[in-house]
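In what follows, a single structure is set out as structure tokens and then discussed.
The values are calculated or read from the model by the stated rules, or taken from the named source; none is laboratory data. The structure presented is a predicted model; accordingly, all values stated were derived computationally and were not measured. Using ideal geometry, Cβ is built from the backbone for each residue, glycine included, and neighbour counts are taken over all protein chains shown. Areas reflect the complete protein model, heavy atoms only, side chains present, ligands, DNA and RNA absent. Shrake-Rupley method; radii C 1.70, N 1.55, O 1.52, S 1.80 Å.
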Amino acid sequence: MEAHEGDTVTLRLEVQVTSYDDFGEYILEMDNEYGKNYEVFALLAEGKPTIDPKEDVKLIVRSRLYEPVSLEMHAIGYPFPSYTWLHNSQKLNSSDETYSSEVIITSMTVKDYGNYTLNMTNEAGTSIYIFFVAAYGPPESPKNFVVVDIGATNVTLSWVTGYDYNDTQTFVIGRIVEGKIKDFKSYPDTSEDQGNTTVTKTIDGLDEGTEYNLTIFSMNKNGSSPVNNYLQFITYETPKMDPNSPTKLKFTPRTKETIHLVMHAVGNPTPVFIWEHKGVRLNSSDENSTSTVTISDISAEDFGNYTLIMSNKVGRSVYTYVLVADGPPDPVSKLVITDIKNSSLILSLLTGFDYESNQTFMVYNYSEGIIEILTKVPDNSSDPGGKQLQLVLNNLSPRTFFNITVRSINARGATDATEFLSFTTFGEPIPDPGMPFNDTTSPRLGETTTFTLKWLANPDPTILWTHDNKKINHKETGMTTSIEIGAIDVPSFGDYILTMNNSYGVYTHKFRIKADGPPAPISHLNITDITDSTAILNFQPGFNYNSTQKFAIVQINEGVWTVLFGNISDNTNGTGGDMQTCTLQGLREAEKYTIMMQSNNLKGPTNSTGNLTFSTEASPTKAPVNKTAEIAGGVAGGVAGLILIIIIFFVKCVRWRKPDEEDEPLNQQTVLAEPHRYRYDDASVSEK
């Protein structure tokens, strides 16, 4: 169709409606040299509103709780309809457009399930449509699964139901064993359950003291709810001994020891422990299901039964511990000797616990490796120990040392012996026959000698030592007395008298330092008044040890010893305190002599003196010689034998007085010397 500017054009569109599909929008396209233009025409079905057959309108919707749901209507009808939604007689808000209306449920709850009524109205009439939100699928999980009460063989559980989705549900309680869930109990839901209903159930037939790990879920014909509730509990149990930690109930301790009575218990709730002994409640150390009673420093009173009562809300158990008095007695103690006489005494002691078996006290004496029974005394009464007892020991030997010990014996054995207790019965002092002593010594001058004696006496004696009627200091140690004489000199020789005295008698014994042996060596040897044929020999004899001594003068010449004189008498008193003088005659003129002296008695010779060297003068017709005597150091040793030679000397010996003595006639001796010749290595000189 062609038109010009300014023309008015009328178009008429006729539509032959043969079906519902002919209704709808029609588009008119117009164009010219300036462009195109479009017009939309709607061909509407006049009448009351109905569902638009071109749209997929769902009247039944399935949904789970807490999910969003949309109910939407697409309509046709003219004039335009209005929309009214109702649910449980309550009007709902909707989002409406010309030919559509929508109700949105953002989160489904139980009350949101069911029918939704939509009224669509225009001037032509009203149409009513029913939408249905269906609850479908497995139930909602139960929640708040808790223990309400626990018994020994039962438990009461509680939970809050979940929505059953309009299909009867069953609650299943499972027990978790080794990580796997096993059906334990099940309960059908007897209510028209819309959820949030509290259910309480009691399960019987459980094992005492057993741990249970449970879970719960619900199920209907459409499936099972998730498992997300767990609980753990232990059934109550009457307290008893833990079979995995058995407890010792019987003890056989000794006194003074410490023991622990221990109970490892099982039971739920944790038990209360009560310990008793002979009606007296005891303190205990309790921690969790373990209880301990400590008994320290055990005495006789601690033996017997100990009762343990364990209780909780379920029940109680009683256990009996026992401390058995078994074994030999305890040793006696605090031994004391009193009232000692010459043949008897009293032995006091404290008894030991007899361990509920009558004991006998045995008193032994130990002497020189021999054990003898002195007495045995039975104790015919029950003895808890600590009883003072006095035993009388008779028929003892007087003045005898005893080393006693005591043992206690009952039907189960004997104690160890006590420590030894030593004493001596009364009597006069005597030497201990088991300790021999030496009463004679023969020391040399300058040495030290000791006398020691061990006595037997009771009471202890007074001790007195004397020598030449003078008191000697002594030492006492235990039952031993001793004296020590040091730096022996001549007055030290002789008798030493020991006197021991107590109220029963006196004992006296003579000890002796005996002068015995060869003489003491000669000293202070020198030569004076030398002429061409004579010289004076001065010397100090040594102590003769109470045996007449003789002196010999020996010349030493080129290793050969010649006895110039071998039988010079001791003109002193023999104690070694005086000087003696001998005149040597018949010496050769202008000759050098080296001599020494030796003394001997019946016991043998002494060591020789040091060598003495001198020279005689020359005769008046010859040149003078040096008159000085020289002493050669050293000890020549003993002379063993004498050999007679031809040379004859005259020796004149006199006693030389000490400077502090008064003048008195000199005891002179002129003798004929018959020299002997022997070698320097001969052992000694003996003058018989």
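Here are the numbers for this structure:
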{"item": "In segment 377-433, trypsin sites (Lys or Arg not before Pro) in a DSSP loop with at most 16 other beta-carbon atoms within 10 Å", "result": "K387, R412"}
{"item": "Portion, in percent, of the accessible area of segment 512-585 that falls on carbon or sulfur, probe 1.4 Å", "result": "44"}
{"item": "Whole-Hz couplings from phi, Karplus 6.51/-1.76/1.60, listed for segment 513-527; x for Gly and Pro", "result": "9, 9, 7, 8, x, x, x, 6, x, 6, 9, 6, 7, 7, 10"}
{"item": "Most to least accessible of Y129, Y355 (protein chains only, probe 1.4 Å)", "result": "Y129, Y355"}
{"item": "Computed over segment 80-160, Kirkwood Rh from alpha-carbon pairs, angstrom", "result": "16.5"}
{"item": "Accessible surface of segment 409-461, 1.4 Å probe, proportion on carbon and sulfur as whole %", "result": "52"}
{"item": "Separation of the K313 and T247 label points, Cα + 7 Å toward Cβ, nm", "result": "2.3"}
{"item": "Lysines whose Cα lies under 21 Å from that of K221, excluding same-chain neighbours fewer than 8 positions away", "result": "K143, K182, K185"}
{"item": "Candidates per GluC sites (Glu not before Pro) in segment 141-225, loop by DSSP, up to 14 other Cβ within 10 Å", "result": "E178, E192"}
{"item": "Part-to-part distance (alpha-carbon centres) for segment 513-532 and segment 195-239, which is given in Å", "result": "128"}
{"item": "Loop sites in segment 197-292: trypsin sites (Lys or Arg not before Pro), DSSP, at most 16 other Cβ within 10 Å", "result": "K221, K248, R254, K256, K278"}
{"item": "I497 accessible area, assembled protein chains, probe 1.4 Å, Å²", "result": "50"}
{"item": "Within the accessible area of segment 125-173 (1.4 Å probe), percent carbon and sulfur", "result": "52"}
{"item": "Mean Cα-pair separation over length for segment 143-263, i.e. relative contact order, pairs under 8 Å, 6 or more apart, %", "result": "27"}
{"item": "Formal net charge of residues neighbouring V155 (Cβ-Cβ distance under 12 Å; K, R +1; D, E -1)", "result": "-2"}
{"item": "Solvent exposure of segment 381-488 as accessible area per residue, Å², 1.4 Å probe", "result": "54"}
{"item": "Alpha-carbon centroid distance for the pair segment 286-350 / segment 146-175, whole angstrom", "result": "57"}
{"item": "Nearby lysines by direct alpha-carbon distance to K256 (threshold 25 angstrom, same-chain neighbours under 8 apart not counted)", "result": "K248, K278, K334, K387"}
{"item": "Segment 152-301 - convex hull of alpha carbons, volume per residue in Å³", "result": "148"}
